[in-house]
Amino acid sequence: MIKPTVNSFEQILRECGVTETALSAREREALDRDGYVVLPDVIEADWLARLSFAFESGCRKDGGATVVKESGTRHVNDLVNRDPVFEGVFTHPRVLAGVYHVLRDAFRVGQIGGRDPLPGYGQQGLHADWTARSKGEPFRIVTTIWLLDDFTSENGATRVVPGTHRLLTQPPKSFADPASRHPDQRIIVAQAGSVLVFNGHLWHSGTANKSSRPRRVLQCLFVGRDEFRFGRIKVAAPGFLTATACYILGDHLEP
């Protein structure tokens, strides 16, 4: 297997529609400065309806979803093989442009799934999605959260602490307590159809769903193509997804 060059990977991104203007200068600056950006209106109405339907289909008794009793959260897994409607979650040009801006190297999907914290649940302690970096170590992970429902201050929206992606430490243990509140935290408030893209080294967490409404999201993590901490996602049926989508997943021979 041949490791792809930056040029060959950039060709794959172009095939997905990624261009130099896929992100605005302000959006790139937000990723650099704050460690996150909210991209509004990425999911158009018809696609949002189909994603929501596929999410709920996975939550039916025969759909394979699970509810973790301790966290009170509905989880829908194996989205890649569940419905081709999810392909756009890991091939959308705006999102891929954000991932590449952070990682600056060839990448693949590390993990993808659906989550919905039930009323009264969802609160987490602040954490990063990677271990602490050493000085000079590049960023290793980007997390994307696709909003199937509005994010409000009451329904368990994600909170972030801007700028913490640049720190070389994990959150102190005091902030690992779900009840703790960081003085600089921001709760992401955004409309359904938006995508939150953030540097996975950023301190963040879910908050408690204090409403009676769902807060369904699709969460997709991207890592370097050679990263061993996440297994490669396999496509069960040949032809189920496009060749480019399989390549972004990592389930494809390198060019």
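Things worth noting here:
- Residue within region 179-198 that is farther than 27 Å from Cys59 by Cα, among the acidic types (Asp, Glu) and in contact (Cβ under 8 Å) with a residue 12 or more places away in the chain present: yes
- The single condition from (1) out of contact with any helix residue (DSSP H, G or I) (no Cβ under 6 Å at 6 or more places or on another chain); (2) of a type in the set (S, T, N, Q); (3) outside any loop (DSSP other than H, G, I, E, B) that Thr144 fails is (1).
- Selection status of Leu253, assigned to a loop (DSSP other than H, G, I, E, B) and either modelled with pLDDT under 95 or closer than 21 Å to Val37 by Cβ (or both): yes
- Here region 158-205 is the region considered, the condition is being in a loop (DSSP other than H, G, I, E, B) and polar (S, T, N, Q), and the residue that is surrounded by the fewest Cβ atoms within 10 Å (Cβ to Cβ) is Thr169.
- Members of region 206-221 that are buried (at least 22 other Cβ atoms within 10 Å of the Cβ) and hydroxyl-bearing (Ser, Thr, Tyr): Thr207
- Of all residues in region 85-105, those satisfying the criterion of being touching a residue at least 40 places away in the same chain (Cβ under 8 Å), under 21 Å from Glu29 (Cα atoms) and not in a helix (DSSP H, G or I) are His92, Asp105.
- The listed residues are Phe90, Phe9, Phe53, and the only one of them that is farther than 18 Å from Ile145 by Cβ and modelled with pLDDT of 95 or more turns out to be Phe53.
- Residues located in region 154-210, provided they are out of contact with any strand residue (DSSP E or B) (no Cβ under 9 Å at 6 or more places or on another chain) and β-branched (Val, Ile, Thr): Thr169
- Identity of the residue in region 78-104, among the basic types (Lys, Arg) and out of contact with any helix residue (DSSP H, G or I) (no Cβ under 7 Å at 6 or more places or on another chain), that ends up least open to solvent (accessible area, probe 1.4 Å): Arg94
- Filtered residues of region 110-141 (kept if in a loop (DSSP other than H, G, I, E, B) and closer than 20 Å to Leu96 by Cβ): Asp129, Trp130, Pro138, Phe139, Arg140
- Arg215 being within 16 Å of Gly113 (Cβ to Cβ) and in a loop (DSSP other than H, G, I, E, B): yes
- Entry remark, region 222-252: residues being closer than 25 Å to Leu147 by Cβ and open to solvent by 10 Å² or more (accessible area, probe 1.4 Å) number 5 in total.
- Output for region 125-151, where each listed residue is closer than 14 Å to Ala208 by Cβ and surrounded by fewer than 18 Cβ atoms within 10 Å (Cβ to Cβ): Gly125
- Being touching a Leu at 6+ places or on another chain (Cβ under 8 Å), modelled with pLDDT under 95 and not in a loop (DSSP other than H, G, I, E, B) is a description that applies to Gly58.
- Among the conditions (1) closer than 24 Å to Arg28 by Cβ; (2) outside any helix (DSSP H, G or I), Thr244 misses just one, which is (2).
- Among the residues making up region 20-34, those that are over 19 Å from Gly193 (Cα atoms), out of contact with any Pro (no Cβ under 6 Å at 6 or more places or on another chain) and at pLDDT 95 or above are Thr21, Ala25, Arg26, Arg28, Glu29, Ala30, Leu31, Asp32, Arg33.
The values are calculated or read from the model by the stated rules, or taken from the named source; none is laboratory data. Fair warning: this is a prediction, and the values are worked out from it, not measured in the lab. Note: ideal-geometry Cβ built from the backbone for every residue, glycine included; neighbour counts use all protein chains shown. These area figures cover heavy atoms from the full protein model, side chains too; ligands, DNA and RNA do not enter into them. Shrake-Rupley method; radii C 1.70, N 1.55, O 1.52, S 1.80 Å.
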